[in-house]
1. Out of the residues in segment 228-248 that are surrounded by fewer than 16 Cβ atoms within 10 Å (Cβ to Cβ) and in a helix (DSSP H, G or I), state the one that is nearest to the chain's Cα centre (by Cα).
2. With respect to the numbered conditions (1) more than 30 Å from ARG242 (Cβ to Cβ); (2) modelled with pLDDT under 80; (3) part of a loop (DSSP other than H, G, I, E, B), which one is the sole condition not fulfilled by PRO5?
3. Return a yes/no flag: does segment 108-130 have any residue that is of a type in the set (Gly, Ala, Ser), under 15 Å from the mean Cα position of the chain (by Cα) and either not in a helix (DSSP H, G or I) or not assigned by TED's automatic domain parsing to the domain that holds MET221 (or both).
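The values are calculated or read from the model by the stated rules, or taken from the named source; none is laboratory data. Fair warning: this is a prediction, and the values are worked out from it, not measured in the lab. In this analysis, Cβ positions are derived from the backbone assuming ideal geometry, glycine residues included, and neighbour counts consider all displayed protein chains.
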Amino acid sequence: MTLSPHPNPLPGGEGLGVRANITPMTLYSVQYGDTTIEYQLSFAARKTLAIEVHPDLRVTVRAPEGSELETIRQKVKKRVPWILRQQRQFESYLPKLPPRQYVSGETHRYLGRQYRLKVSEGDAEGVKLSRGFFFITVRDKSDTERVKTLLIDWYRQQAERVFRERLYVCLTKLRFLQLEQPELEIRQMETRWGSCTPEGKILLNLRLMQVPKESIDYVVMHELCHLKEHNHSRRFYELLNRVMPDWRAKRERLNALEVS
């Protein structure tokens, strides 16, 4: 078996502790062990803080006007176990993926969330992710193979960035091993999320771009541990337990997801 920069400031930055004056639905995140929970924050004339987990796995937080960002962050952090339970429950209800048709209205996953396709015709072919949709421009929208190719190429372009960022994050946690930066290769694989070659190259499945970042981190960390311990020995699992104590939960969540 084997970060993309936020468009909005995160708690812990310059504005930490300052009374919030934020436009509705600003994106923030909180760290809980190795798990990052992103949440959309808005303010309203209310007395208590409300946290809601949606069927598409989004987390929204509504806080009383004038609340401090750090106070909100701490309250969200206390509820992370509940949030994760709700997300796992919703994941079990996510619709099974039908055979891909690559037509408007079809849903495709990106980093754990589902987005609908909007296919239109035009000379400037390409893919854009915006406002909850994949906007795909193709010369002939009846050419679904071309739509598929454009979308896969887009996933690969994003994977080059996301996988290297996750590799950097995981390597930072393994500094004590003094590992060299491994060569990274992206492949489309049917039966493996990733692997590590005897030469120390890490192979990652392009389909990982459909799952949450924490699942990508699990696969990357698993393979990085193989650079130190080449088989699934007791020492390998001791190392994995040390650097990612909740790896079993992450593996279970990853294997429960259905990707195309």
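1. Per the stated criteria, the residue is ARG248.
2. Among (1) more than 30 Å from ARG242 (Cβ to Cβ); (2) modelled with pLDDT under 80; (3) part of a loop (DSSP other than H, G, I, E, B), PRO5 violates only (1).
3. First pass over segment 108-130, keeping only residues of a type in the set (Gly, Ala, Ser): 112, 120, 122, 124, 126, 130.
Now drop any that are not under 15 Å from the mean Cα position of the chain (by Cα), which leaves 112.
Checking the rest, the ones that are also either not in a helix (DSSP H, G or I) or not assigned by TED's automatic domain parsing to the domain that holds MET221 (or both) come to 112.
Taking every residue of segment 108-130 in turn, at least one turns out to be of a type in the set (Gly, Ala, Ser), under 15 Å from the mean Cα position of the chain (by Cα) and either not in a helix (DSSP H, G or I) or not assigned by TED's automatic domain parsing to the domain that holds MET221 (or both).
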